[in-house]
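Worksheet for the structure shown next.
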Amino acid sequence: MAPRVHSTSEEYRALVDKAYNKFARLREFPAYGRNKWDFYFHKAFQVYSKLWKFQQDNRVKLLEMGLKRWEIGEIASRIGQLYYNYYLRTSDSKFLIESYIFYQAIQSREYFKELDKDAALANKQLRYTARFIVICLLLNRRETVQLLVRQLRSLVDEYARTFSEGTDAKDWKIVVQEIGRFMKADGACETSRSLRYCLLYDPHPSIISSVHKVEGKKPLHLKDSILASYYHHEVKFSELTLDTFRMLQALEWEPSGSLFKARTDSSMGIGASGGIGVSEDISDPSLPPNPHKYILYRPTVQELLLVLATACDELPCDGIALLYISASGRSGRSLSMSMSTQDLGEAPQPSKKGVVSLTPTLSLKNANSYVPHTEVIPDAEIAVVDEFEKTPSTATNTKEIRAKYSPSEPRGVGSPGLWLGSKRSPGFNFLYPIDILPFTRRPLFIIIDSANSFVFESIIGEERGEQAILLLSPSLVGLEDEGATSTYSSSKSSGNMFTFFLTAPLLAFCRVIQSSSKNMSKGNFEQTERLFATLIAEWGNVLDSAMIDPAWARILGDPFLRQLTCRFIFCRAVFGLHSKYRDKPEHMPRCYPPLPDELLPTSKVVEMVIYLMATKFGALDQFDGKLSNTKNADCLSGLFKDEATTTGEDFSTGEASEEEHSDDRYPNDLS
């Protein structure tokens with residue numbers, strides 16, 4: 001008996017069912033650890049490759065049999081989600097651009113255009129648009145983001161009018177508010193360089209000086225990063241907070257090659273062979289891969305420690321893991337008790353119902369879990385700052401200076417840890433320094449951005465095997481607008497300042513001096529960014545030649561950690577020399593082990609850069625009390641002249657150059 005021949009429609013439906021089952025299977029894997037996810041991702045790609053090719057080859061027949069355009073869009077959207085999740089798993093940018101290609105094809109071909117008759121189908125279009133916004137944000141396609149935000153707002157308005165009852169229209173309106181706040185908070189970055197490590201500005205790894213030889217120890221390279229943020233009503237879009245958005249970019253290479261070139265329609269296939277098709281030549285083969293990242297949105301303490309344990313367990317012998325936490329030092333209960341004392345702003349209340357997830361197939365927990373409505377009260381408002389212990393009068397000048405820029409924090413400030421949770425079970429949701437100690441058997445580079453960062457100093461000297469490196473934010477950052485109250489954290493409105501310095505230092509400097517990059521011509525600001533990147537890169541050479549702690553010596557060969565270290569030095573110098581914050585230890589960021597004295601804020605090589613930037617932005621009066629060294633002034637005068645000779649611009653003033661540079665930061669939309 002001859003085998004039954006399946007019709008085109010039956011074969012197509014069978015492929016759709018198989019593909020959707022493979023897609024659903026991926027949800028069962030945790031978002032951490034090198035387990036079987038890679039095998040199942042490849043299986044899912046193979047099935048979707050076959051499905052996509054089949055519908056292309058049989059498009060006419062399928063349309064005649066009743067195939068809807070939104071069904072084609074749904075397939076393309078699932079493929080885009082697979083690529084995006086593969087990027088989250090690997091941090092490989094080529095998968096991010098492949099995701100963009102499919103989402104952009106859906107947009108240009110209007111697969112979801114006629115879905116206003118059914119609420120479920122209209123919701124698909126909303127979800128697709130929100131996910132496409134995330135992709136474009138990560139690729140810095142801001143013009144496309146603005147276009148998509150307007151489109152999303154229009155779609156949500158239409159959705160609310162058409163399906164007014166029994167739908168999640170209110171939740172979608174909150175999504176629109178979130179992206180509006182996110183774009184406004186990140187608006188300063190529109191005129192700046194990419195936050196990623198960019199070879200147009202930053203030194204190539206091959207020219208970084210050789211690291212110190214540490215007897216019996218291997219040089220370390222950043223392999224894994226755990227990025228976690230937990231503030232109530234912080235600036236975010238879906239599960240991507242502004243602080244983690246900035247930090248994840250700072251730990252990636254700026255893609256190159258065909259990544260930003262227009263692609264033809266013929267390149268949109270996954271590949272007939274069933275393998276994972278990716279963009280060609282989008283990365284520099286001379287560069288190492290991006291360090292792997294775990295991006296955790298509002299994790300519990302247990303989830304954070306589980307991911308940290310997994311990262312440490314899988315760390316290679318020459319690897320170091322970066323742990324970044326941006327969180328409050330006060331419990332949700334303490335914050336809610338003080339709600340009536342603060343202007344809570346216009347942050348929308350979190351919805352009980354999750355609308356769109358950044359990780360539709362991967363999640364540490366249920367994306368729809370409800371976060372109680374609890375507001376952030378700035379930590380500085382509730383901190384009681386005691387007198388700092390003075391350095392003994394018998395100390396040497398060097399020790400006095402070091403103590404000034406690495407102070408002990410006041411007793412009784414905040415809480416004994418970081419707060420990761422709601423107001424329920426306060427002790428259960430505190431992350432204590434002792435929780436981190438078991439993982440110091442492996443090398444750790446720890447960044448804490450919190451008013452309670454000082455409590456993590458207790459880790460130093462108590463490590464279980466490897467010496468940890470800590471970068472700790474100030475306990476107090478007094479950045480106020482006129483008539484406003486000084487606060488530690490501005491995460492409600494524009495992200496945390498310490499994170500801003502580590503990811504976009506020149507923009508953070510502008511924020512401290514209450515200036516704006518938009519006050520300059522675009523060409524002038526671009527040249528200033530190039531000069532600034534060159535100058536702080538020189539600090540890395542100073543570190544190479546100085547007597548330095550072995551823990552620092554082992555990581556200076558890694559370009560990402562080296563750059564973070566230089567940016568920390570800049571942050572410390574800005575607050576150490578600014579007339580409003582100097583001589584106030586609570587405003588000083590701290591690092592452990594201490595960095596060499598050659599790079600303290602009062603050192604000539606550091607003070608000189610601050611003087612140059614202050615002069616460039618017309619803010620020298622805010623530093624003048626400390627930057628009065630005439631030798632520095634003479635030296636910088638020569639730097640201005642050299643730079644003017646090279647660029648044709650006068651860097652001694654902030655005036656716009658006559659010739660504006662064309663805006664080539666944004667790629668042209670793909671056709």
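The values are calculated or read from the model by the stated rules, or taken from the named source; none is laboratory data. Computed from a prediction, not measured in an experiment: that's the story for all the values here. Backbone-built Cβ (ideal geometry, glycine too); neighbour counts: all protein chains shown.
Structure notes:
- For the range 546-560, a tally of residues being in contact (Cβ under 8 Å) with a residue 60 or more places away in the chain and either not assigned by TED's automatic domain parsing to the domain that holds Leu200 or not charged (D, E, K, R) (or both) returns 10.
- Matching residues in the range 565-583 - criterion: being over 21 Å from Ile446 (Cβ atoms) and assigned to a helix (DSSP H, G or I): Ala573, Val574, Gly576, Leu577
- For Gly216: the one exception among (1) on the phi < 0 side of the Ramachandran plot; (2) part of a loop (DSSP other than H, G, I, E, B); (3) surrounded by fewer than 19 Cβ atoms within 10 Å (Cβ to Cβ): (1)
- The lone criterion from (1) over 29 Å from Pro288 (Cβ atoms); (2) among the charged types (D, E, K, R); (3) buried (at least 21 other Cβ atoms within 10 Å of the Cβ) left unmet by Asp57 is number (3).
- Note on the range 6-38: among residues that are in contact with a helix residue (DSSP H, G or I) (Cβ under 9 Å, 6 or more places away or on another chain) and of a type in the set (A, V, I, L, M, F, W, C), the one that is farthest from Trp52 (Cα to Cα) is Ala31.
- Matching residues in the range 177-199 - criterion: being closer than 23 Å to Gln563 by Cα and touching a helix residue (DSSP H, G or I) at 6+ places or on another chain (Cβ under 8 Å): Asp186, Ala188, Cys189, Glu190, Thr191, Ser192, Arg193, Ser194, Leu195, Arg196, Tyr197
- Residue that is nearest to the chain's Cα centre (by Cα) [pool: residues in the range 615-631 that are at pLDDT 65 or above and in a loop (DSSP other than H, G, I, E, B)]: Phe617
- Which listed residue is at pLDDT 90 or above, among the small types (Gly, Ala, Ser) and farther than 30 Å from Pro289 by Cβ, from Ser154, Ser99: Ser154
- Each residue in the range 29-41 was checked for being surrounded by 14 or more Cβ atoms within 10 Å (Cβ to Cβ) and in a helix (DSSP H, G or I), and 3 pass.
- Which numbered condition Cys136 fails, given (1) touching a residue at least 60 places away in the same chain (Cβ under 8 Å); (2) hydrophobic (A, V, I, L, M, F, W, C); (3) buried (at least 20 other Cβ atoms within 10 Å of the Cβ): (1)
- Test for Leu199: is it surrounded by 17 or more Cβ atoms within 10 Å (Cβ to Cβ) and hydrophobic (A, V, I, L, M, F, W, C): no
- Test: Gln46 is in the same structural domain as Arg131 (by TED's automatic domain parsing) and either closer than 27 Å to Pro255 by Cβ or in a loop (DSSP other than H, G, I, E, B) (or both): yes
- Looking across the range 155-200 at every residue that is within 19 Å of the chain's Cα centre (by Cα) and aromatic (Phe, Trp, Tyr), the one that is farthest from Arg131 (Cα to Cα) is identified as Tyr197.
- Members of the range 179-190 that are in contact (Cβ under 8 Å) with a residue 40 or more places away in the chain, among the charged types (D, E, K, R) and part of a helix (DSSP H, G or I): Arg181, Glu190
Yes/no matrix, rows are residues, columns are (1) in contact (Cβ under 8 Å) with a residue 40 or more places away in the chain; (2) surrounded by fewer than 17 Cβ atoms within 10 Å (Cβ to Cβ):
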site	(1), (2)
Arg142	yes, no
Gln146	no, yes
Gln151	no, yes
Leu155	no, no
Glu158	yes, yes
Thr162	yes, yes
Gln177	yes, yes
